[in-house]
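One structure is given here, and the rest of the page talks about it.
Values in this text are rule-based calculations from the coordinates and carry no lab data. Owing to the predicted nature of the structure, the values given are computational and were not obtained by experimental measurement. Don't worry about glycine lacking a Cβ; one is built from the backbone with ideal geometry, like all the others, and counts go over all protein chains shown.
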C-alpha cells in the first residue's frame with residue numbers, strides 16, 4: 001500500500017475485523033483518513049438502486065417487466081425497454097456518458113455545469129432525444145443513464161426523492177448511520193475530499209463530478225457501513241430470501257463474470273466466488289465484495305482515482321488465498 005501511494009481505507013470483516021487507513025482525507029489541513037471516514041463510491045451504489053427497485057417489486061408496486069413508455073409516455077415514448085433490461089445494462093438506451101466512446105467524465109460538465117446536476121431529472125436532457133444504441137436485450141453495455149431512469153421510476157412510484165427513499169429504506173434499515181447522498185459543497189464531518197492528481201500538483205474533484213449523487217452513483221459510505229449493507233442484504237433484512245436470490249442471480253454473462261441486478265458476480269466452475277460492486281470517478285476508486293464461502297466482506301475505499309483495485313487484490317491474495325495467517329484470522 002505504501003508502494004502504490006494508496007490513500008483511503010481497507011477493511012476485511014468476518015468473525016473479526018482487520019482494517020487499515022492511509023493518506024489524507026483533507027490534504028490542505030493534513031486530516032488523515034480513518035476507519036470512520038466517509039468516502040464517495042461513484043457507481044458502487046448502483047446496488048442500492050437495484051435493492052430499492054426490488055423492494056418496490058416485492059410490494060407489488062412495480063414489475064420487472066414494466067415497460068418504460070408506459071411509465072413515462074411523454075418523456076421516453078421511444079425507449080421500449082423493461083425494468084429488468086435497465087437493471088442488467090441490456091436495455092440499449094442511449095447513455096449520457098458512453099464509456100465505450102468517452103474517457104473523460106469531466107468533459108460532460110463543459111456544457112452542463114456539474115452544480116446544476118442535483119437530481120435524476122436533471123440528467124434526462126442529456127440522453128432522452130438520442131437514438132437507441134442497440135435492440136433491447138441484444139447485449140450487455142454498461143449504462144449510467146439506465147440507472148438514472150430507474151431512479152426516476154422509484155421517485156414516480158413512491159412520491160419521494162430517490163435519495164430520501166434509499167436513505168430511509170436501505171441505509172436506515174441496514175444500520176448505515178454514517179452514509180448518505182451528500183452534496184460536495186456541503187460535506188458533513190469526517191468526509192474525505194476526492195483528489196485528482198496533476199503534474200506536480202493536485203486538485204479536489206468538486207468541479208469534476210455532479211454536486212450530488214443519485215441513482216447511478218455518488219453516495220458516501222464508510223467501510224463499516226458497507227460491511228453492514230452486505231450483512232443485512234445476506235440475512236434478508238433488506239429483501240426477502242426469494243427476492244435476494246433474484247437480485248444476486250447471474251442474469252447476464254460477461255466473459256468470465258456475470259451481472260445480476262446492480263452487482264457483479266465472479267464464478268468458478270459455476271460456483272459463486274464473490275459478489276462485488278465497484279466505482280470510479282475523478283478522485284474516487286472503490287471496490288467492495290462479499291465472499292459467500294467465507295462469509296467475509298472486504299471493502300476498499302479511496303479518495304484518489306485509482307488504487308482500490310490493487311489493494312483489493314493484495315488483500316484477497318493475502319487473506320482469502322491463505323498467504324497470511326494473521327489476516328486470515330482477522
For the residue pair residue 309 and residue 142, what label-to-label distance in nm results when each label sits 7 Å from Cα along the Cα-to-beta-carbon direction?
0.8 nm
Going 7 Å from the Cα of residue 66 toward and past its Cβ, which residues in region 113-153 have a backbone nitrogen under 11 Å from where you end up?
150-153
Counting only C-alpha contacts under 8 Å and six or more residues apart, can you give the relative contact order of region 113-269 as a whole percent?
24 percent
Region 203-330 - convex hull of alpha carbons, volume per residue in Å³:
132 Å³
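Taking square-rooted eigenvalues a ≥ b ≥ c of the alpha carbon gyration tensor, is region 1-87 rounded, prolate or oblate, where a/c under 1.5 means rounded and, failing that, a/b exceeding b/c means prolate?
Values: a/c = 3.80, a/b = 2.40, b/c = 1.58.
Judged from the Cα gyration tensor, region 1-87 comes out prolate (a/c at least 1.5, a/b above b/c).
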Diffusion coefficient, µm² s⁻¹, Stokes-Einstein with Kirkwood Rh over alpha-carbon pairs of the chain at 4 °C and 1.567 mPa s:
65 µm²/s
I need to check one value: relative contact order of region 8-329, counting alpha carbon pairs closer than 8 Å and at least 6 residues apart, in percent.
25 percent
Percent antiparallel among DSSP beta bridges confined to the chain, nearest 5, equals 95 percent
How far apart, in nm, are two points set 7 Å out from the Cα along the Cα-to-Cβ line at residue 112 and at residue 186?
2.2 nm
Between 22, 241, 274, where does the largest GNM mean-square fluctuation fall for the chain, given springs only between Cα atoms within less than 10 Å?
241
Separation of region 226-250 and region 10-46 by C-alpha centroid, Å?
23 Å
